[in-house]
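Visitor: Quick one: the structure is below, and I'll ask about it shortly.
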Amino acid sequence: MNLTTTLRCLKTLTLGVFTIWLIACSSGPSYNPTTFNAQYDKAVVDAAEVRNVIITHVNISGPSRSYLERHEARIDAKLSQRLKEAGYKVLPQRLFTQEWNTAIRAFGDPFDPTTGRVNMKTFVLIMNSIKDQLVSKSSVDAFIFTDLIEHQTAFNNGMNHEARWDGVSRKPSLQGPGTSIPAGFDWNQLASVVSLQIVMFDRNLERIFLGRGGIDAIDAIDARSGTRFERRRNLLESDKYITEGIDLALHPWVPMQNWPGSQP
């Protein structure tokens, strides 16, 4: 799938799959029915001979919200380390950034800050320019885009009131003065959560991988009111959760141990 087609598909991708409310009943490795099945063909990736990758500093689906954007560099750094551990060479991000800045001076910025929309025609022109430059100047085999995808779900699974999305299960957190949640709390109300989406293109800008993994909740229960969710003050503070999201988003390109998408 080429870059233009991918952008159109990502624009219309529904998030309904993230509101599956099934309860796993296995005593072995936990099966999570919300686990994302990556769009991946091992033969195609092997044929692309991906060895040297570059993680871009921009999103393929548009800029993240400001409260998520500040965490992008940290997550990219953890992804870089994971890929190096898997035997891949990660080229310096500045190589892409330099070419990106040159290209937007020529073609304009494809991201509209007022609407958050992506001008696909401009984006493709920029990426083709960057691809031509980096393929000639470096050993890059693939371009990786990492997007933090925000959506909503409910903490209404089981007695522990877990939320499940993109392969993870998370319990709600309490924020503010107070230590307990009122018995009448509406567990069906929606809270914001975030996932990591990884999209990889080969040196010809053909898409060869699309994966996604859940990370953590953006919202916590407001202990002051005891009736609603509010945005957490300390977002994405758990390195463990970020690592889990990266592993989920990379599977099966980089295999994850105890992947939760295997049915018992």
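Visitor: Hey, if you drop one equal point scatterer on each alpha-carbon of the chain and run the Debye formula without solvent, what base-10 log of I(q)/I(0) do you get at q = 0.14 Å⁻¹?
Guide: -0.99
Visitor: Still on this structure: Compute, for the chain, the length of the dipole vector about the Cα centre, with Cβ point charges of +1 (Lys, Arg) and -1 (Asp, Glu) only. Units Debye, rounded to 20. Intermediate results must be reported in sequence, preceding the final value.
Guide: Numbers: 29 positive and 27 negative charges, 61 e Å.
Charge dipole, the chain, about its Cα centre: 300 debye, nearest 20.
Visitor: A further question on this structure: Which Cα, out of 200, 226, 156, lies furthest along the positive dipole direction of region 137-264 (beta carbon charges, K/R +1, D/E -1)?
Guide: 226
Visitor: Starting from the eigenvalues of the Cα gyration tensor, five times each then square-rooted, give me the equivalent ellipsoid semi-axes of region 118-254, largest first, whole Å.
Guide: Details: eigenvalues 306, 44, 30 Å².
Working through the eigenvalues yields semi-axes of 39, 15, 12 Å.
Visitor: Sort 238-246, 98-106 by packing, meaning the average of other beta carbons within 10 Å per residue, with the highest value first. Walk me through the numbers on the way to the answer.
Guide: Details: 238-246: 17.8, 98-106: 14.4.
Taking the mean over residues of other Cβ atoms within 10 Å, the ranking is 238-246, 98-106.
Visitor: To continue, here is another question. Grab the eigenvalues of the alpha-carbon gyration tensor for region 49-178, scale each by 5, take roots, and send me the semi-axes largest first in whole angstrom.
Guide: Details: eigenvalues 227, 82, 30 Å².
For region 49-178, the ellipsoid semi-axes come out as 34, 20, 12 Å.
Visitor: Please give the per residue accessible area of the chain, computed with a probe of 1.4 Å over protein heavy atoms only, in Å².
Guide: Roughly 49 Å² per residue, with all protein chains present.
Visitor: What does the highest-first list of 203-212, 64-73 look like by mean Cβ count within 10 Å?
Guide: Details: 203-212: 20.2, 64-73: 14.4.
Descending mean neighbour count gives 203-212, 64-73.
Visitor: Still on this structure: If eta is 0.890 mPa s and T is 25 °C, what Stokes-Einstein diffusion coefficient results for region 137-196, Kirkwood Rh from Cα pairs, in µm²/s?
Guide: Details: Rh = 14.3 Å.
Estimated diffusion coefficient is 171 µm²/s.
Visitor: Still on this structure, I have one more. With springs only between Cα atoms under 10 Å, which of 115, 97, 227 fluctuates most in a Gaussian network model of the chain?
Guide: Top of the fluctuation ranking is 115.
Visitor: Still on this structure: Would you calculate the separation in nanometres between label points at residue 185 and residue 31, each defined as 7 Å from the Cα along the Cα-to-beta-carbon direction?
Guide: A separation of 3.0 nm, rounded to one decimal place.
Visitor: How about residue 121: which lysines have a C-alpha closer than 25 Å to its C-alpha, ignoring those fewer than 8 places off in the same chain?
Guide: Within the straight-line limit of under 25 Å, residue 121 reaches these lysines: 11, 131, 137.
Visitor: State the answer as a single residue: which of 119, 246, 189 lies farthest towards the positive end of the charge dipole of the chain, with beta carbon charges of +1 for Lys and Arg and -1 for Asp and Glu, about the Cα centre.
Guide: Looking along the dipole axis, the top candidate is 119.
Visitor: In whole percent, how big is the carbon plus sulfur part of the accessible area of the chain, probe 1.4 Å, protein atoms only? Intermediate results must be reported in sequence, preceding the final value.
Guide: Numbers: 6220 of 13020 Å².
Percent of accessible area from carbon and sulfur atoms in the chain: 48.
Visitor: Okay, next question. In degrees between 0 and 90, to the nearest 10, how far off the longest principal axis of the chain does helix 120-137 point, with axes built from Cα atoms?
Guide: Approximately 60 degrees, to the nearest 10.
Visitor: Using the Cα centre as the reference, give the magnitude of the dipole from point charges on the C-beta atoms of region 134-264 (Lys, Arg: +1; Asp, Glu: -1; all else neutral), rounded to the nearest 20 debye. Walk me through the numbers before you get to the answer.
Guide: Working: 13 positive and 16 negative charges, 34 e Å.
Rounded to the nearest 20 debye, it is 160 debye.
Visitor: Tell me what the chain gives for mean residue ellipticity at 222 nm when only DSSP H runs of n ≥ 4 count, each as -39,500 (n - 2.57), the sum divided by the residue total, rounded to 500 deg cm²/dmol. Could you put the intermediate results ahead of the total?
Guide: Numbers: 7 runs with 80 residues, N = 264.
-9500 deg cm²/dmol, from helical runs alone.
Visitor: Another question about this same structure. May I ask which residue of 173, 77, 215 lies farthest towards the positive end of the charge dipole of the chain, with charges of +1 (Lys, Arg) and -1 (Asp, Glu) on Cβ and the Cα centre as origin?
Guide: Value: 77.
Visitor: Using +1 on the beta carbon of Lys and Arg, -1 on that of Asp and Glu, and nothing else charged, what's the dipole of region 68-127 about the Cα centre, debye to 20? Kindly include the intermediate steps, with their values, before the conclusion.
Guide: Values: 10 positive and 7 negative charges, 40 e Å.
Using Cβ point charges on Lys, Arg, Asp and Glu, region 68-127 gives about 200 debye.
Visitor: Beta carbons within 10 angstrom, averaged per residue: use that to sort the peptides 149-158, 117-126, highest first. It would help to have the intermediate numbers written out before the result.
Guide: Working: 149-158: 18.5, 117-126: 17.0.
Per-residue mean Cβ counts within 10 Å order the peptides as 149-158, 117-126.
Visitor: Now for a different question. Quick check: pseudo-label points 7 Å beyond the Cα along Cα→Cβ at residue 234 and residue 159, how many nm apart are they?
Guide: If labels sit at residue 234 and residue 159, their model points lie 2.8 nm apart.
Visitor: Please give every one of the lysines within straight-line cross-link reach of residue 78, meaning a C-alpha to C-alpha distance under 20 Å, and leave out same-chain neighbours fewer than 8 residues apart.
Guide: Counting by Cα, and skipping residues close in sequence, residue 78 has these lysines nearby: 89, 240.
Visitor: If you take every DSSP beta bridge whose two residues both sit in the chain, what share of them, in percent to the nearest 5, is antiparallel? If you can, show how the numbers build up before the last one.
Guide: Working: 33 of 41 bridges.
Close to 80 percent.
The values are calculated or read from the model by the stated rules, or taken from the named source; none is laboratory data. Source: prediction; values computed, not measured. All Cβ positions, glycine included, derive from the backbone under ideal geometry; neighbour counts span all protein chains shown. These area figures cover heavy atoms from the full protein model, side chains too; ligands, DNA and RNA do not enter into them. Shrake-Rupley method; radii C 1.70, N 1.55, O 1.52, S 1.80 Å.
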